[in-house]
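Shown next, in structure tokens, is the structure this report addresses.
The values are calculated or read from the model by the stated rules, or taken from the named source; none is laboratory data. All figures in this text were calculated on a predicted structure; none of them were measured in a lab. Neighbour counts are summed over all protein chains in view; Cβ atoms, including those assigned to glycine, are modelled from backbone coordinates with ideal geometry. We work out accessible area using only protein heavy atoms, side chains counted, and drop any ligands, DNA or RNA first. Shrake-Rupley method; radii C 1.70, N 1.55, O 1.52, S 1.80 Å.
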Amino acid sequence: MFGLFKKFKDGLAKTVSAIAAKTAGLFGGRRIDAASLGELEEALYTADFGVETTNEILAEIKRAYAQDKELQGHQAAEIGAQVLRRVLAGSEGTLDVASAACGHPVVIAMIGVNGSGKTTTSAKLAWKLKQEGRSVTLAACDTFRAAAVEQLKTWAHRLELEIVASHTGADAAAVAFDAWQAAKSRHRDFLIIDTAGRLHTKSNLMEELAKIRRVLQKHDPAAPQHRWLVVDGSLGSNSIEQAKVFHQSFGLTGLVVTKLDGTSRGGALVGIYRQLKIPIYFLGLGEKAEDLQPFSIENYAKAVFGLE
Ligand SMILES: Nc1nc2c(ncn2[C@@H]2O[C@H](COP(=O)(O)OP(=O)(O)OP(=O)(O)O)[C@@H](O)[C@H]2O)c(=O)[nH]1
Ligand SMILES: [Mg+2]
């Protein structure tokens, strides 16, 4: 558990240190007063927590401060974490790894705009499931971007993962169909489908996703059981509108928020969840395979407020 928390702490370090810099280390030893409350408010906005969440956190700290003028920064941090626990309640997606023992693969489709982290997340997740004793096949269904197939093959080779791939320009739905067949006949637990990056506004590319789904449903009406939107966390709350369109056309079942290690705006995750109410399964906290971590409200809430 401690190891997991450290991953969150390290992965969110930029957000945490930006808040600390803006509040002159409030959580580490200062007392609450009018000045530090103002600094904290600005810091939370800058970290992209959004108006609603920032206001709620500030209101609760002010209430506690009205009752206790000696309120310390670390106590304010605990109040902030408590607000996040409440606001994020229900946001933890849990991938039931045992669900796969039903005679055919459980399919996870990774979708999202260009460069959000779909391919690396597909590989990282396959590796993680394999570490947990599950068998996994990867499907290289980004046949659109040149070198996309090679990128996933390189990951598969490095992490010793099984992959079904065709060539650039092939029909993505046909690759998905073949990959399902292969995963089924080899009794694999999971099939993870990497798809091409697409703008939510491009209807022909959105139609390709629908086709992948239809083709998989010929094998298994429930497939793909998981339809996850991979969101670049460093783009912050800007991702919410695109997520809504993907949700309307594809019925999202989960989110993966990536690149949180590269941003000081790690609070955006809260706004994304508040607006979409789609569970968050994993966070990308770095570029290495082990940097994909299951989302944990507790670890997130504690990490952003610098608690242990
Ligand atoms: N630091 C960091 N980098 C990440 C993370 N996730 C992905 N990346 C990087 O982001 C870049 C894009 O990742 P990809 O997995 O190729 O993104 P994609 O969504 O497949 O991109 P397209 O297929 O072009 O749409 C790569 O350089 C990744 O290494 C993360 O959690 N942290
Ligand atoms: Mg990709």
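Assess whether Val83 counts as being touching a residue at least 24 places away in the same chain (Cβ under 8 Å), open to solvent by less than 60 Å² (accessible area, probe 1.4 Å) and farther than 22 Å from Val231 by Cβ. Lay out the reasoning, then the answer.
Working: touching a residue at least 24 places away in the same chain (Cβ under 8 Å): yes; open to solvent by less than 60 Å² (accessible area, probe 1.4 Å): yes; farther than 22 Å from Val231 by Cβ: yes.
Answer is yes for this residue.
Can you find even one residue in region 41-57 that is of a type in the set (Phe, Trp, Tyr) and open to solvent by less than 60 Å² (accessible area, probe 1.4 Å)? Explain how you work it out, then say what you get.
Step one: filter region 41-57 for residues of a type in the set (Phe, Trp, Tyr), giving 45, 49.
Narrowing further to those that are open to solvent by less than 60 Å² (accessible area, probe 1.4 Å): 49.
Looking for residues that are of a type in the set (Phe, Trp, Tyr) and open to solvent by less than 60 Å² (accessible area, probe 1.4 Å), one finds at least one in region 41-57, hence yes.
Taking helices (runs of 4 or more DSSP H) that do not extend beyond region 1-98, which have at least 2 residues that are at pLDDT 95 or above?
Values: elements: 2-11, 13-22, 26-29, 34-46, 51-67, 73-87.
Output list reads 2-11, 13-22, 34-46, 51-67, 73-87.
Report those helices (runs of 4 or more DSSP H) wholly inside region 198-308 carrying at least 2 residues which are among the basic types (Lys, Arg) and open to solvent by 50 Å² or more (accessible area, probe 1.4 Å). In region 198-308, the matching helices (runs of 4 or more DSSP H) lie at 203-219. Here Ala165 meets the list (1) more than 16 Å from ligand 2 (Cβ to nearest atom); (2) open to solvent by 10 Å² or more (accessible area, probe 1.4 Å); (3) modelled with pLDDT of 95 or more almost entirely, failing just condition (1). Would you say Ala98 is hydrophobic (A, V, I, L, M, F, W, C) and either within 11 Å of ligand 1 (Cβ to nearest atom) or within 14 Å of the chain's Cα centre (by Cα) (or both)? No; evaluated as a whole, the condition is false for this residue.
Report yes if Ala176 is over 26 Å from Gly233 (Cβ atoms) and within 11 Å of ligand 1 (Cβ to nearest atom), otherwise no.
Details: over 26 Å from Gly233 (Cβ atoms): yes; within 11 Å of ligand 1 (Cβ to nearest atom): no.
For Ala176, the condition - over 26 Å from Gly233 (Cβ atoms) and within 11 Å of ligand 1 (Cβ to nearest atom) - is not met.
Among the residues of region 99-125, those that are outside any helix (DSSP H, G or I), within 16 Å of ligand 2 (Cβ to nearest atom) and open to solvent by less than 10 Å² (accessible area, probe 1.4 Å) comprise Ile108, Ala109, Met110, Ile111, Gly112, Ser116. Residues of region 194-234 that are more than 16 Å from ligand 2 (Cβ to nearest atom) and hydrophobic (A, V, I, L, M, F, W, C): Met206, Ala210, Val215, Leu216, Ala222, Ala223.
Among the residues of region 126-156, how many are more than 16 Å from ligand 1 (Cβ to nearest atom) and either open to solvent by 80 Å² or more (accessible area, probe 1.4 Å) or over 17 Å from Pro224 (Cβ atoms) (or both)? Walk me through it before giving the result.
Residues of region 126-156 that are more than 16 Å from ligand 1 (Cβ to nearest atom), as a first pass: 129-137.
Checking which are either open to solvent by 80 Å² or more (accessible area, probe 1.4 Å) or over 17 Å from Pro224 (Cβ atoms) (or both) leaves us with 130-133, 135.
Adding up the residues that qualify gives 5.
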